[in-house]
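Everything on this sheet refers to the single structure shown next.
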Amino acid sequence: MKCLVKIYDTEQINNLISILSFRPRKVIFLYDNRCTKVENLSDIESACVECVEDISFEFVSIDTQSLDDIKSKCKRIIRYNKECVFDITGGEELTPIGVYLSCINGFIPVFKLDIDLKKLVNVYGCSEISDEFVVPDLNLETIMLSKGAQLSSCLHPTPEDTQFEFLLSFCQVVFSNINSWKELCSYVQNGTKSLDPEHKSLNFNYPRNSKEPKLKLSDESGQLLVHAQKFKLIRNLELSENSVKFIFNNANIKRYLTDFGSWLELYCYITLKESGLFKDVKMSVRIEWNAEKDRRNEVVNEVDITFFSGITPVFVSCKLSDPTAEALQELSIYPSYFGGKRSKCILVTTGNVRVDKPRVVLRAKEMGIHIIDKRDIGSGRFLEKMRQILGLDKKAEKGKNSQEPSHKNSSGRQTNIGCGT
């Protein structure tokens, strides 16, 4: 396609889809400068330039309340751009009418996208290209660029595929022993900080019987280190009455074993990644706004897990403890800032919120936030619940037994994980 003419849509994802699908040489945006900033259009251009080679952009301001002005601008575009095609997706009121009238007089193709049904609607003369339309794969980096932001460093390192099995096994230990894990994590954090302020060494050797509560380690918590060695997270463990010695197997494991909440993020990331159902699964994403401008005014957002289900951006907040109202509020801003109306927000917690925190559940529902809690994770229904939230299981199976079997991911491993305390 040589030239694609689009009506600017307030939903940035809608602006991207036809461009990334047809990959035209030139894109012309129709916009009303009274309600749309040129910066918004420039952000779309920045995102597309990264994805489509040798693409160029032009922005044409129209008066959306004047049919004559719309027709005049469209006729000028048609006159100076051969083989152009118009996309009227997202246009409201007079703009699509003006575009349509200009195009049928000049025998110019017009289409709109039914994004929910993932198909191209042939408005006029687009029978040939309708078969070429394929919904493109989107990724978080492109969406962020289109919103004037960019991805930066992550708080938690992304695990290697070869670590998945052992990390999931230790997740089961953590979720079944939350209180012991909390004590162990505090002990390892403080011991590591005292022994290695710059966190460069993988060796750990620290006293066990300090009067300071944070520097004590009970037998129950110490047993978690035995599991950690079993699952190849640490080695050379010496667990005596007076001291604890071991070696972290690598720097990533050291980060995970000194961060209380990282294990729920790891569980979600690995389970989603191994399912093969989703695209661009990312863990511990850090998003910067105005990164190239005055760094004193830089705004940073951190998202535990992000991924795409089709063209739907999904934002996941992971809470290894009971969620607070502040956690819901933070999660609720992601659609307006990042993903748009089609995005989904999901809170994953090992807390039993449906029983213990009914007000949290009610508030989440009011804010459009879905919850996956202890019951879903413990019964192995995490992935099934995720599919339901995202509408991937339209036809519910009937006649299921009340005792559901644990599910297996693409690697054949079971994903049911106990959440006892």
To the nearest 10 degrees, the tilt of helix 67-80 (Cα long axis) against the first principal axis of the alpha carbons of the chain is 90
Derived scalar couplings ³J(HN,Hα) [segment 310-315; Karplus, 6.51 cos²θ - 1.76 cosθ + 1.60; whole Hz; x for Gly, Pro]: x, 9, 8, x, 10, 10
Options [x] -0.39, -0.50, -0.85, -0.98; [y] -0.34, -0.45, -0.80, -0.91; [z] -0.29, -0.39, -0.74, -0.88 are given for log10 I(q)/I(0) by the Debye sum over Cα atoms at q = 0.06, 0.07, 0.10, 0.11 Å⁻¹, and the computed one is [y]
At q = 0.16 Å⁻¹, what log₁₀ I(q)/I(0) does segment 35-107 have when each alpha carbon counts as one equal point scatterer in the Debye sum? -0.66
Could you let me know the centre-to-centre spacing of segment 136-185 and segment 325-340, using Cα atoms, in angstrom? 19
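What is the sum of charges around residue 139, taking Lys and Arg as +1, Asp and Glu as -1, for the other residues whose C-beta is under 12 Å from the C-beta of residue 139?
Working: positive: 279, 282; negative: 50, 137, 141, 280.
For residues surrounding residue 139, the net value is -2.
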Once the piece of chain linking residue 39 and residue 237 is laid out straight, how much longer is it, given 0.36 nm per residue of separation minus the C-alpha distance between them? 65.6 nm
Residue span residue 337 to residue 79: 0.36 nm per residue of separation minus Cα-Cα distance leaves a gain in nm of 89.1 nm
Per GNM of the chain with C-alpha springs under 10 angstrom, the most fluctuating residue out of 167, 117, 202 is 117
Label model pair residue 216, residue 25: point-to-point distance (7 angstrom along the Cα→beta-carbon line) in nm is 7.6
Tell me, what ³J(HN,Hα) does each residue in segment 18-29 have, in order and in whole Hz, if you take phi through Karplus 6.51 cos²θ - 1.76 cosθ + 1.60 with θ = phi - 60° and put x for Gly and Pro? 5, 5, 6, 7, 8, 6, x, 6, 9, 10, 10, 9
If each K or R counts +1 and each D or E counts -1, the residues other than residue 99 whose Cβ falls under 14 Å of its Cβ total -2
In whole percent, the Cα-Cα distances of segment 32-186 spread across 5 Å bins from 0 upward as 1, 7, 11, 13, 15, 13, 8, 5, 5, 5, 5, 4, 4, 2, 0
To test your reading of the geometry: what angle, between 0 and 90 degrees and rounded to tens, separates the Cα axis of helix 164-176 from the longest principal axis of the chain? 60
List the residues of segment 256-287 whose backbone N lies under 13 Å from a point placed 7 Å from the Cα of residue 161 along the Cα-to-Cβ direction. 273-276
Let me know the charge dipole size of the chain about its Cα centre in debye, to the nearest 20, where only the beta-carbon of Lys, Arg (+1) and Asp, Glu (-1) is charged. 780
Built amide H within the under 5 Å cut-off of residue 380, gap 5+: 417
Quotient of C-alpha Rg and 2.2 N^0.38 Å, computed over segment 127-231: 1.71
Length added when fully stretched, residue 179-residue 118, from 0.36 nm per residue minus Cα-Cα: 17.3 nm
Applying 1/(1 + (r/R0)^6) with R0 = 35 Å to the Cβ-Cβ distance of residue 203 and residue 152, what FRET efficiency is obtained, to the nearest 0.05? 0.70
What order do you get for 174-184, 361-371 when each peptide is scored by the mean count of other beta carbon atoms within 10 Å, highest first? 174-184, 361-371
Please identify, among 284, 46, 146, the residue showing maximal mean-square fluctuation in a Gaussian network model of the chain using a 10 angstrom Cα cutoff. 46
Could you tell me what percent of the DSSP beta bridges with both partners in the chain are antiparallel, to the nearest 5? 55
What angle, in degrees between 0 and 90 and rounded to the nearest 10, separates the Cα long axis of helix 94-106 from the longest principal axis of the Cα atoms of the chain? 50
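Every read-out reported here was derived from the displayed coordinates using simple, explicitly stated rules and does not represent laboratory data. Since we're looking at a predicted model, the values are computed, not measured. Positions of Cβ are backbone-derived with ideal geometry, glycine not excepted, and every protein chain shown enters the neighbour counts.
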